[in-house]
There are 2 protein chains.
Amino acid sequence: MSNRFIKKLANLAELSADDRRALEIVTAHPRRFAARQDLIREGDEPGPVFVVLDGWACRYKILPNGLRQIMAFLMPGDACDLHVNMLAAMDHGIQAIGPASVAMISRAQMQAMMHDHPAIARAMYTAQLVDEGIMRAWIVSMGRRSSIERVAHLMCELYLRARGAGMTQDTEFALPLSQIILADALGMTPVHINRVLKELRLAGAMALRRGSLTILDPVKLVQIAGFDENYLHRRLRQATAI
Amino acid sequence: MSNRFIKKLANLAELSADDRRALEIVTAHPRRFAARQDLIREGDEPGPVFVVLDGWACRYKILPNGLRQIMAFLMPGDACDLHVNMLAAMDHGIQAIGPASVAMISRAQMQAMMHDHPAIARAMYTAQLVDEGIMRAWIVSMGRRSSIERVAHLMCELYLRARGAGMTQDTEFALPLSQIILADALGMTPVHINRVLKELRLAGAMALRRGSLTILDPVKLVQIAGFDENYLHRRLRQATAI
DNA sequence: CGGTCACTTGAGCAGCGTCAAAACCCGTGG
DNA sequence: CCACGGGTTTTGACGCTGCTCAAGTGACCG
């Protein structure tokens with residue numbers, strides 16, 4: 001029975017039974033985090049690599065004036081940077097959004113595994129590239145999209161990512177993000193998020209309520225967002241030599 | 001006589017004479033690009049790793065409606081992602097801003113060099129982490145800073161990065177970016193950029209003109225920007241094992 | 001059943017965009 | 001050397017998107 005991490009990596013590279021076993025071992029003893037608990041804080045010295053197995057987390061930063069900006073969502077299956085611990089201090093925090101279960105893989109473990117399992121290494125590097133693509137897409141959204149386009153675009157992204165981890169049923173999936181969290185991620189105020197969600201609902205594009213998102217009209221949603229899934233790199237280069 | 005790339009990497013790891021020689025070789029035959037010429041376009045298959053030796057470039061994306069968003073500046077010494085060619089297609093373009101000189105290092109060359117020169121590998125990975133930190137800082141800026149804060153923050157960043165590559169003299173450095181380019185990078189309109197630059201000039205914080213930026217009052221500029229240099233990781237972890 | 005938190009809605013405002021015109025800069029060619 | 005032309009910079013007037021402030025409703029939990 002494989003977890004979300006394995007499922008996600010399997011989308012990015014061909015994994016042998018042996019590879020899967022190694023991943024099982026390394027994620028066997030996750031740690032539980034409470035809602036709003038920090039996995040690591042800005043300024044802390046980086047430690048193990050985090051892999052979210054269950055629940056959601058986010059990377060965030062608090063400005064001097066108290067405003068918060070979320071820079072990435074980590075959903076089940078997502079890991080954070082491989083090489084962080086070359087740095088002396090974290091430049092941002094990572095926080096559980098709801099209760100979450102997180103595997104913590106030491107640098108040594110990680111290195112051994114990637115050395116012994118090239119396919120895993122390949123998948124991890126690819127995942128990292130996709131994460132960078134997502135960051136760039138966020139920059140584009142914040143810079144050049146209107147609020148309704150921004151919200152629609154994020155929902156398209158999260159839906160596809162959730163589907164990649166096998167977390168969607170049909171047109172619906174669990175999205176445990178409050179409007180406050182969405183506001184912090186999209187650089188808006190909660191009240192404006194609320195109005196935009198209403199507009200999207202009335203337009204018949206999507207409906208977000210009580211922790212789950214329903215895509216009412218995928219075509220319309222994609223069109224509002226100006227969404228192009230290129231950057232998620234679901235179609236990878238075939239047979240990459242290491 | 002070492003180039004900007006070597007100078008930058010030397011800030012990130014202890015480089016031996018041998019390491020430096022390897023870097024010299026691999027950057028010995030740069031290619032020249034004209035202003036506005038693409039190094040690579042969105043949709044293209046990724047090829048060699050680019051290293052900007054002279055001039056500036058930017059990562060960018062054009063939206064369906066014709067708007068452009070710049071997601072990163074590459075100044076002399078900067079390289080682009082190590083592992084890109086695991087992906088089938090670029091999700092963004094890279095373009096020279098003015099005339100530029102760019103080394104193109106093949107995957108094979110890069111891998112051999114990083115294998116034979118662990119210090120170079122370390123420096124490259126660290127540079128990559130810093131670049132990610134910069135992207136996150138841009139997200140924060142776009143989401144939660146006012147236009148004047150955003151401009152001031154970018155200038156602080158560019159000044160420190162330029163200094164790291166030895167490209168500043170005292171309080172001034174060459175910044176060959178038009179107001180149009182700045183607008184595309186900061187998610188604003190050129191006319192508003194213009195007004196903000198005027199405001200910063202009148203406030204006695206900084207003056208940008210004719211391709212060069214003068215910091216008039218560093219303290220004031222940093223204060224306006226709410227700038228915290230953490231994310232550039234100029235203080236690295238000591239003696240990192242690989 | 002009361003307290004806290006998230007959500008919802010309205011009214012008014014301001015930061016930044018739009019549109020437009022003029023001044024400037026610089027390379028080019030007569 | 002000067003006139004020309006394209007791009008950039010500058011400035012003004014006006015409007016819209018999204019923020020602020022405020023009040024009220026609903027959901028969940030102890």
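What to note about this one:
- Teacher prompt: B:Arg234 distances to equivalent labels in other copies, 7 Å Cα→Cβ, nm: 4.4
- Based on C-alpha pairs under 8 angstrom that are at least 6 apart in sequence, the range B:59-218 has a relative contact order of 20 percent.
- Per residue value of the accessible surface for the range A:125-242 (all protein chains in place, 1.4 Å probe), Å²: 43
- Once the Cα atoms are used to define both axes, helix A:17-26 deviates from the longest principal axis of chain A by about 80 degrees.
- With Cα atoms defining each centre, the range B:179-212 and the range B:66-126 are spaced 28 Å apart in the structure.
- For the range A:83-148, alpha-carbon Rg relative to the globular expectation (2.2 N^0.38 Å, N residues): 1.47
- For chain A, leaving out every one of the trypsin sites (Lys or Arg not before Pro) that falls in a DSSP loop and has at most 10 other Cβ atoms within 10 Å, the longest unbroken run is A:37-209.
- Each Cα pair under 8 Å and six or more residues apart adds its sequence gap; the mean of these over the residue count of the range B:4-131 is a relative contact order of 38 percent.
- Cα-Cα pairs of the protein assembly as shown separated by more than 38 Å (percent): 23
- Stretchable slack from B:Lys220 to B:Glu199, in nm (0.36 nm times residue separation minus alpha-carbon distance): 6.3 nm
- In the assembly of identical copies, A:Asn11 has its label point, taken 7 Å from Cα in the direction of the beta carbon, separated from the corresponding points by 3.7 nm (ascending, one decimal).
- Interchain or long-range residues, amide H under 5 Å from A:Ser212's placed H: A:Leu175
- In terms of its C-alpha gyration tensor, the range B:146-232 comes out rounded, because the ratio a/c of the largest to the smallest axis stays below 1.5.
- Longest to shortest principal axis, alpha-carbon extents of the range B:1-120, angstrom: 50, 28, 23
- Mean residue ellipticity, 222 nm, helices only, chain B: the sum of -39500 (n - 2.57) across DSSP H runs of n ≥ 4, divided by residue count and rounded to 500, is -13500 deg cm²/dmol.
- Label-to-label distances for B:Gly47 across copies, nearest first, come out at 4.6 nm, using points 7 Å from Cα in the beta-carbon direction.
- Restricting the calculation to alpha carbons of the range B:82-217 gives Rg and Dmax of 17.6, 53 angstrom.
- Proximal lysines to B:Lys220, defined as alpha-carbon separation beneath 28 angstrom and excluding residues fewer than eight positions away on the same chain: A:Lys61, B:Lys8, B:Lys198
- Amide hydrogen neighbours beyond the local backbone of A:Gly55, cut-off 5 Å, H modeled: A:Ser101
- Angle between chain B longest axis and helix B:107-116 axis [Cα atoms, degrees, rounded to 10]: 70
- Dipole magnitude (debye, nearest 20) for the protein assembly as shown, charges at Cβ of Lys, Arg, Asp, Glu: 1000
- GNM flexibility winner over chain B from B:Gly143, B:Gly47, B:Gly204 (Cα, springs under 10 Å): B:Gly143
- Average beta carbon contacts from partner chains per residue of B:20-28, 10 Å cutoff: 0
The values are calculated or read from the model by the stated rules, or taken from the named source; none is laboratory data. Predicted, not measured: the structure shown is a model, and the values here were computed from it. All Cβ positions, even for glycine, are placed from backbone atoms using ideal geometry, and neighbour counts span all protein chains on display. Ligands, DNA and RNA are stripped out before the accessible areas are found, and what is left, the full protein with its side chains, is counted by its heavy atoms. Shrake-Rupley method; radii C 1.70, N 1.55, O 1.52, S 1.80 Å.
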